[in-house]
1. Pick from the stretch 219-236 the residues that are of a type in the set (D, E, K, R) and closer than 25 Å to Arg279 by Cα: which of them is least open to solvent (accessible area, probe 1.4 Å)?
2. Answer yes or no: is there a residue in the stretch 17-26 that is part of a loop (DSSP other than H, G, I, E, B) and of a type in the set (Lys, Arg).
3. Out of the stretch 41-72, which residues are buried (at least 18 other Cβ atoms within 10 Å of the Cβ), over 14 Å from the mean Cα position of the chain (by Cα) and touching a residue at least 60 places away in the same chain (Cβ under 8 Å)?
4. If I ask for residues that are within 18 Å of Leu208 (Cα to Cα), open to solvent by less than 10 Å² (accessible area, probe 1.4 Å) and in a helix (DSSP H, G or I), which ones from the stretch 297-340 would you list?
5. Return the residue satisfying two criteria in turn: it lies in the stretch 126-152 and is within 18 Å of Ala94 (Cβ to Cβ) and open to solvent by less than 50 Å² (accessible area, probe 1.4 Å), and of such residues it is farthest from the chain's Cα centre (by Cα).
6. Among the residues of the stretch 151-179, how many are within 25 Å of Ser101 (Cα to Cα) and outside any loop (DSSP other than H, G, I, E, B)?
7. How many residues does the stretch 1-40 hold that are under 27 Å from Arg242 (Cα atoms) and open to solvent by less than 40 Å² (accessible area, probe 1.4 Å)?
8. Provide a single number: the residues in the stretch 230-272 that are free of Cβ contacts under 8 Å to residues at least 60 places away in the same chain and either closer than 20 Å to Ala302 by Cα or within 21 Å of the chain's Cα centre (by Cα) (or both).
Amino acid sequence: MKKIGFLSFGHWSNHSAYKTRTASDTLLQSIDLAVAAEKIGLDGAYFRVHHFAAQLASPFPLLSAIGAKTSNIEIGTGVIDMRYENPLYMVEDAGAADLISGGRLQLGISRGSPEQVIEGWRYFGYELAEGETDADMGRNKALQFLDKLKGIGFAQPNPFPMFPNPPGLLRLEPYSEGLRERIWWGAASNATAIWAAEHGMHLQSSTLKFDESGKPFHIQQAEQIRLYKEAWKKAGHQRKPRVSVSRSIFPLITDQDRYIFGQETNQADKIGFIENDKRAIFGRSYAGEPDQLIRELAQDEAIQEADTLLLTIPNTLGVDYNVHILSSILKHVAPGLGWR
């Protein structure tokens with residue numbers, strides 16, 4: 001059995017073929033899609049976070065709204081770029097959203113990927129410490145976030161407060177018990193996957209990673225996951241680690257499916273550069289008749305290693321069509337692979 005969720009990048013554009021012409025369209029449809037996904041039996045609704053782009057950002061209002069309208073589905077991110085975040089304010093936002101949802105947040109965070117503007121985090125008021133890289137800053141902020149999620153008091157109370165204080169040092173409020181154990185790290189390398197395990201975070205591995213061996217993408221990703229699991233065990237954590245991988249999967253069931261995805265060309269791994277000096281490998285998409293998808297996906301080693309599969313969706317095609325895609329996977333593909 002696997003948990004299956006969707007991952008939306010939340011695009012919008014004033015394009016004649018798009019169902020999401022505005023930011024409002026995307027936000028409201030994201031809520032509707034999460035509600036519909038819960039009804040058809042999907043396990044998770046996850047959202048990417050990008051700044052300075054016509055895509056979803058500031059995730060906590062959206063996660064809170066979904067939490068208030070759903071009952072069971074996990075709600076998460078994949079991923080929040082920590083370079084842009086105030087870790088303490090984020091603890092308050094995350095705590096509130098988690099309490100609204102009844103403890104269903106699964107927050108994916110990361111040091112971040114190349115963004116739309118040069119060093120965009122500077123516009124948010126952040127600067128590097130002496131000798132610090134932006135990757136260091138992202139990881140350091142992540143550790144601050146994890147620490148403050150523990151709910152341990154750290155702030156000296158005012159001797160003349162507006163309202164009475166409890167005894168001792170004060171923590172951030174609202175505090176949501178258990179949220180610290182539901183934080184995931186988006187890792188693009190083997191080393192950062194191991195680092196995530198050492199710090200007790202679950203692992204999110206997407207459709208790209210740094211090319212560290214020249215092997216096919218799914219094999220490199222499976223090796224990354226195994227290293228993560230070994231590091232988790234070595235760290236001595238008492239709870240069970242979780243691992244998600246992302247895939248683009250499109251069953252061709254209807255004529256509309258065949259028209260939109262029947263000529264899918266991204267059915268082989270690709271090599272590129274997401275940073276000037278970092279060669280990356282990008283995983284293939286899957287589009288085909290259900291029997292074909294079952295055969296191909298059964299060979300994907302990384303999916304076999306993961307307990308959670310996030311299905312990247314074309315959110316611009318609207319709620320109804322994305323529910324159709326997700327339903328098709330649940331009905332025609334997942335049972336044949338033992339996921340359901």
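1. Within the stretch 219-236, the match that is least open to solvent (accessible area, probe 1.4 Å) is Glu223.
2. Within the stretch 17-26, one or more residues are part of a loop (DSSP other than H, G, I, E, B) and of a type in the set (Lys, Arg).
3. Leu42, His51
4. Leu297, Ala302, Ile303 - these are the residues of the stretch 297-340 that are within 18 Å of Leu208 (Cα to Cα), open to solvent by less than 10 Å² (accessible area, probe 1.4 Å) and in a helix (DSSP H, G or I).
5. Looking at the filtered set, the residue picked out is Gly151.
6. The number of residues fulfilling the criteria is 2.
7. 14
8. Of the residues in that region, 12 qualify.
The values are calculated or read from the model by the stated rules, or taken from the named source; none is laboratory data. Predicted model only: the values in this text are computed from it and were never measured. Neighbour counts run over all protein chains shown; Cβ positions are idealised from the backbone, glycine included. Just so you know, the surface numbers come from the protein's heavy atoms only, side chains and all, with ligands and any DNA or RNA stripped out. Shrake-Rupley method; radii C 1.70, N 1.55, O 1.52, S 1.80 Å.
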